[in-house]
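S.K.: Here you go, one structure.
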Protein chains: 2
Amino acid sequence: MILDSETKAVELPEHHGDELRLWLRLLTCTTLIEGEVRSRLRERFDVTLPRFDLMAQLDKVPEGMTLSDVSKRMMVSNGNVTGLVERLVESGHLDRRTSEADRRVQVIRLTKAGRAEFRKMATEHELWIADIFGDLTPKDVRELMRLLAKTKASAQKSAKARTA
Amino acid sequence: MILDSETKAVELPEHHGDELRLWLRLLTCTTLIEGEVRSRLRERFDVTLPRFDLMAQLDKVPEGMTLSDVSKRMMVSNGNVTGLVERLVESGHLDRRTSEADRRVQVIRLTKAGRAEFRKMATEHELWIADIFGDLTPKDVRELMRLLAKTKASAQKSAKARTA
DNA sequence: CCAGATTTCTTTAAGTTTCAAGCAATTGGC
DNA sequence: GCCAATTGCTTGAAACTTAAAGAAATCTGG
């Protein structure tokens, strides 16, 4: 706080460059890794990253999920999921059926073939990630987890405040 | 290291779940913040995030950059930049001219109007970012910067090793 | 029961993105 | 000087993505 010549409170223009630089670095890291994973998925399995991500969501829930669930978990729009699922059903990776209880709802699951293919990819994917983060110590990993959790909470709070 | 019943070396399957969880959290954070910034840019200035990012690159270099430079800095494909620039020239934000020295090269710059509009957006954008990261202490910010720098280096090393 | 609100999903238009192929200009060896 | 390789950009096809609008089913408060 600073007082000017007439002794009124004056706010200095606040310094926010550090946060901006942090955001750019976070974005760079993610883009870099995402690009690397995308390349390897294409090269090794000829699959796109969005398809892999969708299958990863479904692998965690054998009984299946609704399109809305997928949309929320992947943080993408509903229409996006519709198209993605469309293509994965077409290629035989996914099974899609209308819910008995609520006929608006579509429940999707991995097919047997889809699950088998995903598991194969997931095994290698995990090794790639381990390699990409290979120079971080276990302590670095823990510390990053903690700070990113804090960041996520802060961002969610900010988003919520805006929407409210 | 473990020895099996016939005294041969056996590798335990290594534990890589922590790195995977870290990657997912990193991705979640970035997606969350990116979505928030995208919403605000559209709501407040009716501009898309890729356009803002491209203008941000150009604002740093008044004398202009080549399309390749932009492509590298933004970490997107050449073809992507071509289309993006096309639309921004169309809307009067960018000026594009063929280099005298090398007629393959296109040099793009912000127009006066483009720069004015970007500066207006950038001022608010910086406040949004500060708000989004608002719950982090200065120490958190420093620590994240450090760990993300290490992460970036590690990822680049891994990518380089694969390509080599 | 029923009208309005809500939820779930699809559709549409516009834009973004990648990859691969291709063209034009330049550079480097010989 | 000339030819091959490289570089810079564009194009085309397919996929991804969002926002917004719409259709269908369900829910809710009279």
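S.K.: Report the accessible surface area buried between chains B and A, summing both sides, using a 1.4 Å probe on protein heavy atoms only, in Å² rounded to the nearest 100. List each step's numbers first, then the result.
M.R.: Numbers: alone 12700 and 12700 Å², together 19540 Å².
Buried area (both sides, nearest 100 Å²): 5900 Å².
S.K.: May I ask you to give the solvent-accessible area per residue for chain A, in square angstrom, as obtained with a 1.4 angstrom probe?
M.R.: With all protein chains present, chain A gives 60 Å² per residue.
S.K.: Turning to a different aspect of this structure: Mind giving me the FRET efficiency for B:LYS160 and B:ASP46? R0 is 35 Å, r the Cβ-Cβ distance, nearest 0.05 is fine.
M.R.: It comes to 0.30.
S.K.: Using a simple spin-label model with points 7 Å from Cα along the Cα→Cβ vector, what separation in nm is obtained for A:THR123 and B:LYS152?
M.R.: 3.6 nm
S.K.: Where in region A:103-123 is the amide nitrogen less than 17 Å from a point lying 7 Å along the Cα-to-Cβ axis of A:GLU63?
M.R.: Label zone hits: A:105-110.
S.K.: Here is a follow-up. If each of A:ALA101 and A:ARG142 carries a label point 7 Å out from its Cα toward its Cβ, how far apart are those two points in nm?
M.R.: Taking the simple label geometry, A:ALA101 and A:ARG142 are separated by 4.1 nm.
S.K.: Checking the a/c ratio against 1.5 first, then a/b against b/c, what shape does the Cα gyration tensor give for region B:17-151?
M.R.: Verdict is prolate for region B:17-151.
S.K.: Work out from phi, with θ = phi - 60° and the Karplus expression 6.51 cos²θ - 1.76 cosθ + 1.60, the ³J(HN,Hα) of each residue of region B:36-48, listed in order in whole Hz, and give x for Gly and Pro.
M.R.: Coupling constants for region B:36-48: 5, 5, 4, 4, 5, 5, 5, 5, 8, 10, 6, 10, 8 Hz.
S.K.: In whole Hz, with x marking every Gly and Pro, tabulate ³J(HN,Hα) for region B:151-164 from phi via Karplus 6.51 cos²θ - 1.76 cosθ + 1.60, θ = phi - 60°.
M.R.: Values, residue by residue: 4, 4, 4, 5, 5, 5, 4, 5, 5, 5, 4, 5, 5, 4 Hz.
S.K.: With θ set to phi - 60° and the Karplus curve 6.51 cos²θ - 1.76 cosθ + 1.60, what are the ³J(HN,Hα) couplings of region A:55-70 in order, to the nearest whole Hz, using x for Gly and Pro?
M.R.: Whole-Hz 3J(HN,Hα) from phi for region A:55-70: 5, 5, 4, 6, 4, 6, 9, x, 6, x, 9, 7, 4, 4, 4, 4.
S.K.: Threshold 10 Å², probe 1.4 Å: give the residues of region A:31-49, in number order, that are less accessible with all protein chains present than with their chain alone.
M.R.: When all protein chains are present, A:THR31, A:LEU32, A:ILE33, A:GLU34, A:GLU36, A:SER39, A:ARG40, A:GLU43 each give up 10 Å² or more of accessible surface.
S.K.: Another question, if that's okay. Across chain A, where is the longest run that never hits GluC sites (Glu not before Pro) in a DSSP loop with at most 11 other C-beta atoms within 10 Å?
M.R.: It runs A:101-164.
S.K.: Now for a separate question. Out of the total accessible area of region A:38-164 (probe 1.4 Å, heavy atoms of protein only), what percent is carbon and sulfur?
M.R.: Answer for region A:38-164: carbon and sulfur cover 50 percent of the accessible area.
S.K.: Using only alpha carbon pairs under 8 Å that are at least six residues apart, calculate the relative contact order of region B:17-151 and give it in whole percent.
M.R.: 20 percent
S.K.: Under the rule that an exposed site lies in a DSSP loop and has at most 11 other Cβ atoms within 10 Å, name the longest stretch of chain A with no trypsin sites (Lys or Arg not before Pro) of that kind, not counting the sites themselves.
M.R.: A:105-164
The values are calculated or read from the model by the stated rules, or taken from the named source; none is laboratory data. Keep in mind that what you see is a predicted model, and the values were worked out from it rather than measured. No Cβ is skipped: glycine too gets one built from the backbone with ideal geometry, and neighbour counts run over all protein chains shown. Accessible surface is based on the protein model in full, side chains and every heavy atom, while ligands, DNA and RNA are left aside. Shrake-Rupley method; radii C 1.70, N 1.55, O 1.52, S 1.80 Å.
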